[in-house]
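What follows is a single structure, written as structure tokens, with notes after it.
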């Protein structure tokens with residue numbers, strides 16, 4: 001029973017952490033971020049399974065996390081009002097070639113980072129961008145101005 | 001026709017109208033995270049050892065062990081008996097909070113006799129002369145399932161006569 005509770009507590013904490021940290025931290029994976037992710041995974045595993053090395057324990061922990069993932073996704077799908085809380089909302093970063101400074105600050109994003117993302121989309125200048133939107137998965141989508 | 005992308009509401013997604021609560025919540029969460037880590041640095045969740053002491057005419061008893069531990073943690077308790085008068089049968093009586101749901105790895109030096117009395121562990125050592133000290137080291141490990149507060153009192157007896165006692169409580173975190 002305790003392993004189910006531990007897995008649920010860790011899931012809830014990680015979910016909250018990921019929602020609160022800001023989405024850019026999660027989508028821009030530098031080499032250090034990947035190492036950090038592996039380290040966090042290892043730390044979390046110890047907290048969930050502790051001294052339980054059994055297959056039953058592993059199955060229970062994984063099943064609990066899988067069920068909670070489905071529950072969150074089902075709740076987000078069924079309850080529209082909870083969707084912004086559970087999944088987040090898009091944020092407008094650029095409008096008609098002008099950056100929305102307040103929103104960049106909220107997400108701790110620099111103009112250079114947005115420009116870099118734009119270049120990855122073969123957009124040379126933000127002046128050519130009609131809309132740049134930080135999506136809920138942390139990626140930036142660009143809509144170019146009509147020629 | 002507006003060229004606004006579908007699903008985008010400028011008031012909400014550009015101007016953050018109605019989203020102030022969420023922003024406040026995020027800041028609060030970060031403050032709580034910081035408080036959590038600072039509390040850990042200040043020993044709120046263990047396992048910095050503390051010392052409790054009791055004295056009597058015949059002897060002093062000193063216990064050094066963490067009062068807060070986390071599940072699975074290996075830690076040590078050090079018990080020092082300093083005899084002021086001869087103690088024929090120095091006996092330490094440990095409350096069951098010391099051993100219940102806790103793995104006792106080693107107890108050094110080896111006692112002359114170990115018994116249990118109503119869940120309390122009694123360990124007896126050879127006689128102690130005045131001026132001599134006996135240091136007992138206990139290596140323990142908190143079982144992860146054991147959560148909450150436990151009485152971890154400790155008493156020093158000379159055979160059946162109590163000399164000194166220390167009241168302690170240990171809190172086990174999950």
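Determine whether residue A:82 is within 14 Å of chain B (Cβ to nearest Cβ), closer than 22 Å to residue B:26 by Cβ and not in a helix (DSSP H, G or I). It is false that residue A:82 is within 14 Å of chain B (Cβ to nearest Cβ), closer than 22 Å to residue B:26 by Cβ and not in a helix (DSSP H, G or I).
Taken as a whole, region A:93-102 holds at least one residue that is in contact (Cβ under 8 Å) with a residue 40 or more places away in the chain and not in a strand (DSSP E or B). Of all the listed residues (A:66, A:61, A:87), the sole one being farther than 29 Å from residue A:142 by Cα and either touching a helix residue (DSSP H, G or I) at 6+ places or on another chain (Cβ under 8 Å) or in contact (Cβ under 8 Å) with a residue 60 or more places away in the chain (or both) is A:61. Looking only at region A:85-112, count how many residues are surrounded by 14 or more Cβ atoms within 10 Å (Cβ to Cβ), within 19 Å of the chain's Cα centre (by Cα) and more than 8 Å from chain B (Cβ to nearest Cβ). Total satisfying the criteria: 7. The residue that is nearest to the chain's Cα centre (by Cα), counting only those in region B:72-92 that are within 18 Å of residue B:165 (Cβ to Cβ) and buried (at least 18 other Cβ atoms within 10 Å of the Cβ), is B:77.
The lone criterion from (1) more than 30 Å from residue B:145 (Cβ to Cβ); (2) within 12 Å of chain B (Cβ to nearest Cβ); (3) in contact (Cβ under 8 Å) with a residue 40 or more places away in the chain left unmet by residue A:49 is number (1). If the condition is being under 25 Å from residue B:53 (Cβ atoms), in a loop (DSSP other than H, G, I, E, B) and touching a helix residue (DSSP H, G or I) at 6+ places or on another chain (Cβ under 7 Å), then region B:134-157 contributes only B:152.
Candidates B:65, B:47: the one that is surrounded by 15 or more Cβ atoms within 10 Å (Cβ to Cβ), at pLDDT below 90 and either away from every other protein chain (no Cβ under 14 Å) or touching a helix residue (DSSP H, G or I) at 6+ places or on another chain (Cβ under 7 Å) (or both) is B:47.
At least 2 residues being within 23 Å of residue B:160 (Cβ to Cβ) is the threshold, and among the strands (runs of 3 or more DSSP E) wholly inside region B:38-133 those reaching it are B:49-55, B:59-66, B:74-83, B:90-94, B:113-117, B:120-124. How about region A:121-135: which of its residues are in contact with a strand residue (DSSP E or B) (Cβ under 9 Å, 6 or more places away or on another chain), under 23 Å from residue A:30 (Cβ atoms) and either within 14 Å of chain B (Cβ to nearest Cβ) or without any contact (Cβ under 8 Å) to a residue 24 or more places away in the chain (or both)? Residues satisfying the conditions are A:121, A:123, A:132, A:133, A:134, A:135.
The values are calculated or read from the model by the stated rules, or taken from the named source; none is laboratory data. Just so you know, these numbers come straight off a predicted model, no measurement behind them. Don't worry about glycine lacking a Cβ; one is built from the backbone with ideal geometry, like all the others, and counts go over all protein chains shown.
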